[in-house]
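The values are calculated or read from the model by the stated rules, or taken from the named source; none is laboratory data. Source: prediction; values computed, not measured. Note that we place each Cβ from the backbone using ideal geometry, even for glycine, and neighbour counts take in every protein chain shown.
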Amino acid sequence: MDRTDLVGDPVFWALFLMSTGGADSAAEAFDVDPADISALYEDLGDQDRWPVFTVPVRGGHRVHLVWCNFPDDSGHDYLLSPSDDRPAVPLAHLSGNFRGPGLSWDELVATSQQPDPTLSAAARLLLLLPATGDIATPPTAHDLVAAALTAVGARRHQRAVATELLTHRHYWPPADWHTTGGVSWCSGQYTYRTRDNPDVRLFTAAFG
């Protein structure tokens, strides 16, 4: 069920950045009532309606962030849907056996700045940030993420939340990124984006 309508709601951002990004101070930063966060959590946790947030990327491809509401379990899957309507391929998996990262820092920044009639650059960056991991993330990343938080409605503690989002990498160890023969790939132990993945060129077309 498409829930992109929520990207203008500060309650959504507080919940998303806490549950998916690991930013415990997000509720205070967005000045939202914890009861409202709990209510939205229950709504998005409906087992019969899995929320999906779609981010268009290069080449007509799309990234789908899916809230997977399995019984007694939940998680977040990032899937890349090819423009030719082939089945979506996994990009990152944020629950159980965590898999990722799905994007490098440079890919995240470039992808966030693409024209989008629905999502702002700030929203695109924050939606894709949890799937990103890069040992070469620059110190200026904190400023960019803090500015994105302000743009989507954070009122205070933006720098603290940015630090939590960028350092709360319990999903997978820091990863190196490489470009070989015109394709981008990751040497991380748990990534889908390995050099020998048959879809390595699809990933490069979408994010490179």
Inset, instruction - Tell me, yes or no, whether the range 77-89 has at least one residue that is part of a loop (DSSP other than H, G, I, E, B), under 16 Å from Leu128 (Cβ atoms) and modelled with pLDDT of 90 or more. - result: yes
Inset, instruction - Quick one: which helices (runs of 4 or more DSSP H) lie wholly within the range 134-208 and hold at least 2 residues that are among the hydrophobic types (A, V, I, L, M, F, W, C) and touching a residue at least 40 places away in the same chain (Cβ under 8 Å)? - result: 158-167, 200-207
Inset, instruction - Look at Gly60 and say whether it is out of contact with any Pro (no Cβ under 8 Å at 6 or more places or on another chain) and surrounded by 15 or more Cβ atoms within 10 Å (Cβ to Cβ). - result: no
Legend entry - Unique residue being touching a Phe, Trp or Tyr at 6+ places or on another chain (Cβ under 7 Å) and surrounded by 20 or more Cβ atoms within 10 Å (Cβ to Cβ) when the list is Gly188, Gly153: Gly188
Legend entry - Scope the range 193-208; condition within 17 Å of Tyr78 (Cβ to Cβ) and in contact with a His (Cβ under 8 Å, 6 or more places away or on another chain); matching residues: Leu202, Ala205, Ala206
Legend entry - Residue that is farthest from Thr150 (Cα to Cα) [pool: residues in the range 10-52 that are part of a loop (DSSP other than H, G, I, E, B) and free of Cβ contacts under 8 Å to residues at least 24 places away in the same chain]: Asp48
